[in-house]
Amino acid sequence: MLKSWKQAYLKTREDIEESGKGTRWEFDQKRLFKSTEYIASVCDGLNQVANVLQDFHNIFGPELKSIISDPAQIDTVVKRVDRLILPILEADYNVFDEYNQENWEATISLFFEEVHFLENEAKFFIDECFLALMNAEDGLGMLLKFKVIKTRDTIHQHLLRKFDVIMQQFSKEVSTVEGIFNRDNNTV
């Protein structure tokens, strides 16, 4: 809506000029749009923040918990994700006031620095989860689900590289079953 205000103004101005009726609209556009453009940029930033949080919650949900040996680790990561927004929630300034633009930019920059750090930590955590994979079938099922779940792009790409780990786990499971079969077969 904030972005369409400028478009509506420019369209109305163009219509008046083309019709030749009335006086030309010539107002200070900086004065007209500076505040709304700033507020729109803050709203875009908040939308990005919400998407980041949703992406992290999508990945660190029940599907991932179901295939790892220590689900409490997921809860720890989710708590860190939820703490990402504390600087925004606890800001001691009005984020929508353009005079606080530097503060807002610093806050959002810090948020994305933390996101980058958390993405790297999440990738490490995912690696650890797949090293301790309980069984290949559950791991494959989870990866197939995550192919369609929206998450952070870097995490999504990292997960797609885990098909090799699942194949290794599958090979271990086949070897274990083969060993049991051969052991039981030798006693007959």
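Just give me the residues in region 39-74 being assigned to a helix (DSSP H, G or I), more than 17 Å from the chain's Cα centre (by Cα), at pLDDT below 90 and surrounded by 12 or more Cβ atoms within 10 Å (Cβ to Cβ), in sequence order. Across region 39-74, the qualifying residues are LYS65, GLN73. The C-beta contact set for region 84-111 (first residue surrounded by 13 or more Cβ atoms within 10 Å (Cβ to Cβ), second residue hydroxyl-bearing (Ser, Thr, Tyr), distance under 7 angstrom, 6+ apart or interchain) comprises PRO87/THR107; ILE88/THR107; ALA91/THR107; GLU98/SER35; GLU98/TYR38; ASN100/TYR93; GLN101/TYR38; ASN103/TYR93. Looking at PHE170, PHE130, PHE124, just one residue is buried (at least 19 other Cβ atoms within 10 Å of the Cβ), assigned to a helix (DSSP H, G or I) and free of Cβ contacts under 8 Å to residues at least 40 places away in the same chain, and that residue is PHE130. Only a single criterion out of (1) in contact (Cβ under 8 Å) with a residue 60 or more places away in the chain; (2) assigned to a helix (DSSP H, G or I) is not satisfied by ASP184, namely (1).
So, of the residues in region 133-147 that are closer than 17 Å to PHE56 by Cβ and out of contact with any Leu (no Cβ under 6 Å at 6 or more places or on another chain), which turns out to be surrounded by the most Cβ atoms within 10 Å (Cβ to Cβ)?
Step one: list which residues in region 133-147 are closer than 17 Å to PHE56 by Cβ, which gives 142, 145-146.
Retained after the next criterion (residues that are out of contact with any Leu (no Cβ under 6 Å at 6 or more places or on another chain)): 142, 145.
Details: MET142: 23, LYS145: 12.
Checked region 133-147; the qualifying residue surrounded by the most Cβ atoms within 10 Å (Cβ to Cβ) is MET142.
Can you tell which of THR12, THR36 is β-branched (Val, Ile, Thr) and loosely packed, with under 12 Cβ neighbours inside 10 Å?
Values: THR36 fails: loosely packed, with under 12 Cβ neighbours inside 10 Å.
Testing whether each residue is β-branched (Val, Ile, Thr) and loosely packed, with under 12 Cβ neighbours inside 10 Å leaves just THR12.
The values are calculated or read from the model by the stated rules, or taken from the named source; none is laboratory data. These numbers come from a predicted model, not from an experiment. With ideal geometry, Cβ positions are generated from the backbone for all residues, glycine too; neighbour counts draw on all protein chains shown.
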